[in-house]
Amino acid sequence: MEDLVSLCKRRGFIFQSSEIYGGLQGVYDYGPLGVELKNNLKDAWWSSMIYENDNIEGLDSSILTNPSVLKFSGHESTFTDPMVDCRECKSRWRADTLDSDKCPGCGSTDLTDPRPFNLMFKTSIGPVDDGSNFGYLRPETAQQIFINFKNVLDSTNKSIPFGIAQIGKAFRNEITPRNFIFRVREFEQMELEFFVKPGTDEDWHQKWLDKRLGWWEEQGVNKDKLTIYNVPKEELAHYSKATFDIMYEFPHGSEELEGIANRTDFDLGSHSKNQSEFDISAKVEKNNESNSKLAVHDLEEKKWFIPYVIEPSAGVDRGFLAILNEAYNVEDLGEGKERTLLKLKPHLAPIKAAVIPLKKNNDELVVLSKKIKNELQSLNLGRILFENTGNIGKSYRRHDEIGTPICITVDFDSLEKGTVTIRHRDSMKQELVNIDELVNFVKNFYA
Ligand code: ATP
């Protein structure tokens with residue numbers, strides 16, 4: 001983990017948030033390369049969900065949430081972790097993560113009994129801060145999907161089975177954030193709520209588990225490092241009938257990368273509370289309760305029903321860490337030399353190709369390199385970097401370390417014979433390619 005943290009800082013993937021003021025615990029900023037890798041990961045998820053499935057729609061909902069949503073979802077009363085206080089050093093710990101009955105801070109055994117600690121962040125809304133006008137920062141993106149269920153259904157003419165997918169920030173006031181970006185207080189989730197007919201839910205649960213495992217492998221996660229934890233009944237969240245956790249062998253141990261829950265009709269049912277008839281046009285205005293009936297009409301059986309929900313919910317930050325951990329390699333080059341490289345899948349690489357003139361500030365080489373960069377950039381594959389360092393060896397090493405799959409060197413033969421050298425990150429092999437064929441070469445490389 002230390003090697004990853006140091007690479008992230010050194011090369012601009014991840015920084016401690018508010019670092020110059022001593023940091024903010026459990027909060028990180030993604031730097032120039034981090035934001036590219038993170039966006040690529042989110043794009044890959046978005047494509048696999050929305051572009052590859054005509055029965056899944058996207059959503060980008062608000063972070064600030066009406067407290068009623070989180071009251072009826074059960075989060076106000078149950079979204080807690082057990083917390084203990086050390087009476088000796090006054091530190092606080094999550095009780096279910098302690099290895100012994102001793103305080104990990106000072107070793108004292110004088111700990112309080114565990115008590116529930118609600119993980120939601122509350123904030124006041126509007127100019128009057130009298131405690132009555134407040135909202136929550138959403139602790140998961142899912143609830144906004146449920147409360148938009150009818151909006152999406154009505155505006156897209158979808159029928160069951162169908163899904164709504166969303167990527168966005170979630171906030172949890174974790175008692176002990178730890179392990180770099182694994183457990184943080186501000187993070188991003190990639191969540192799909194897939195609505196199915198009750199009775200078909202168990203099949204869909206298994207299908208989504210298989211699909212999601214396949215997807216992680218496509219992102220370069222070794223399947224030998226993934227295991228499935230079939231969450232026992234006594235550990236299930238309040239909404240879940242069954243949950244498969246996809247566990248990954250992180251540097252600090254095997255922990256959850258993604259949870260795939262069968263949420264039954266719990267959420268849509270809760271947000272439809274207090275209506276006796278399944279009449280979705282009915283409105284009730286009572287005690288801030290939902291005014292909508294989140295049900296669908298079964299045309300064959302001519303009755304209303306509340307769909308069941310299968311929810312694959314993945315953490316962007318945990319995915320980022322897993323992918324970085326998989327890609328990180330230190331290769332022995334012999335004679336006491338080694339090179340660090342990130343063997344990222346090309347579609348995830350922050351920089352798709354670096355165009356490097358052999359000689360720094362040589363006008364002809366620079367003009368041609370910039371022309372090549374612009375041509376390749378217009379393919380819209382991601383970032384193509386023009387790098388005028390004049391030190392090819394150093395550039396190759398830097399690009400190995402940040403995972404750039406190919407470097408394109410422009411030299412004097414490029415001017416005379418119209419060729420460039422492509423240098424491959426993983427094999428270090430070099431090949432000559434005609435500039436006329438470069439666009440096709442790069443297109444095919446990323447196809
Ligand atoms: P854990 O048991 O590790 O706290 P969870 O079961 O509470 O996780 P879920 O509510 O299922 O997590 O959230 C779905 C996904 O969101 C998780 O699989 C994880 O990838 C991500 N996630 C949850 N909490 C955090 C956090 N504090 N920091 C980073 N990612 C998180």
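The values are calculated or read from the model by the stated rules, or taken from the named source; none is laboratory data. None of the values given here were measured: they were computed from a predicted structure. When we count neighbours, we look across all protein chains shown, and the Cβ atoms used for this are built from the backbone with ideal geometry, even at glycine. Remember, those area values only see protein heavy atoms, side chains included, never the ligands or the DNA or RNA. Shrake-Rupley method; radii C 1.70, N 1.55, O 1.52, S 1.80 Å.
Could you sort H238, H271 by their accessible area in this structure, using a 1.4 Å probe and putting the largest first?
So the residues, ranked largest to smallest area, are H238, H271.
Keeping every protein chain in place, order M49, M247 by accessible area at 1.4 Å, biggest value first, i.e. largest first.
Result of the area sort, largest leading: M247, M49.
Amide H of F117 versus every other amide H placed in the peptide plane: which residues, excluding those fewer than 5 positions away on the same chain, fall under 5 Å?
For F117, the qualifying residues are D81, M83.
May I ask you to evaluate 6.51 cos²θ - 1.76 cosθ + 1.60, the Karplus curve with θ = phi - 60°, for each residue of region 180-195 and list the ³J(HN,Hα) values in order in whole Hz, giving x for glycine and proline?
Running phi through 6.51 cos²θ - 1.76 cosθ + 1.60 with θ = phi - 60° gives 6, 8, 5, 10, 10, 8, 10, 8, 10, 10, 10, 10, 10, 10, 10, 8 Hz.
Is the shape of region 293-390 rounded, prolate or oblate, going by the alpha carbon gyration tensor and its root eigenvalues a ≥ b ≥ c, with a/c under 1.5 for rounded and a/b larger than b/c for prolate?
oblate
To the nearest 10 square angstrom, how much accessible area does S159 have with a 1.4 angstrom probe?
Using a 1.4 Å probe on the heavy atoms, I get roughly 80 Å².
Ratio of the chain's C-alpha Rg to 2.2 N^0.38 Å, to two decimals?
Compared with the compact-globule rule of thumb, the chain sits at 1.15.
Taking Cα pairs under 8 Å and at least six residues apart, what relative contact order does region 71-152 come out at, in percent?
Reported relative contact order: 25 percent.
Which residue fluctuates most in the GNM of the chain (Cα springs below 10 Å): D81, D245, D436?
Judging by the Gaussian network model, the answer is D436.
Quick one: pull the percent of accessible area on region 311-447 belonging to carbon and sulfur, 1.4 Å probe, ligands and nucleic acids left out.
In region 311-447, the share of accessible area belonging to carbon and sulfur is 45 percent.
Would you mind checking which residues have amide H under 5 Å from K359's amide H? H placed 1.01 Å from N; only 5 or more apart, or other chain.
none
I'd like the trypsin sites (Lys or Arg not before Pro) in region 296-384 restricted to DSSP loop residues with at most 11 other Cβ atoms within 10 Å, sorted by number.
Here the sparse-neighbourhood loop sites are K302.
C89 accessible area, nearest 10 Å², 1.4 Å probe?
Roll a 1.4 Å probe over it and C89 shows about 60 Å².
Please compute the modelled spin-label separation between S100 and E301, points set 7 Å along Cα→Cβ, answer in nm with one decimal.
5.6
Which shape class applies to region 349-445: rounded if a/c is under 1.5, otherwise prolate when a/b exceeds b/c and oblate if not, where a ≥ b ≥ c are the square roots of the Cα gyration tensor eigenvalues?
rounded
Using each residue's phi in region 423-428, evaluate 6.51 cos²θ - 1.76 cosθ + 1.60 at θ = phi - 60° and report the 3J(HN,Hα) Karplus result to the nearest Hz, with x for Gly and Pro.
Listing the rounded values in order: 10, 8, 4, 6, 8, 6 Hz.
I need the shape label for region 210-251. Rule: rounded when a/c is under 1.5, else prolate if a/b > b/c, else oblate, with a, b, c from the alpha carbon gyration tensor.
Taking the square roots of the gyration eigenvalues as a ≥ b ≥ c, region 210-251 is prolate.
Within straight cross-link reach of K337, meaning Cα distance under 26 Å, which lysines are found once same-chain residues fewer than 8 apart are removed?
K9, K345, K359, K394, K429
With every protein chain kept in place and ligands, DNA and RNA left out, what is the accessible area per residue of the chain? Probe 1.4 Å, answer in Å².
Accessible surface, normalised per residue, equals 49 Å².
Remind me, relative contact order of region 156-198 in percent, using alpha carbon pairs under 8 angstrom and six or more residues apart?
Worked out over region 156-198, it gives 52 percent.
Given Cα pairs under 8 Å that are at least 6 residues apart, what percent is the relative contact order of the chain?
12
Pairs K225/K371; K102/K211; K38/K370; K71/K241; K38/K102; K360/K443: which exceed 32 Å Cα-Cα?
With Cα atoms farther than 32 Å apart: K225/K371; K102/K211; K38/K102.
If I model region 1-100 as equal point scatterers sitting on the Cα atoms and use the Debye formula, what is log10 I(q)/I(0) at q = 0.11, 0.19, 0.20, 0.23 Å⁻¹?
With no solvent term, the Cα-only Debye profile gives -0.70, -1.12, -1.09, -1.08.
What is the local net charge at K169, summed over the other residues whose Cβ is closer than 15 Å to its Cβ (Lys, Arg +1; Asp, Glu -1)?
Surrounding charge for K169 is -2.
Can you send over the carbon and sulfur percentage of the accessible area for region 124-263, probe radius 1.4 Å, protein chains only?
The computed percentage sits at 47.
Give the cysteines in the chain for which no other Cys Cβ lies under 4.7 Å away, or write none if there are none.
Lone cysteines by the Cβ rule: C8, C407.
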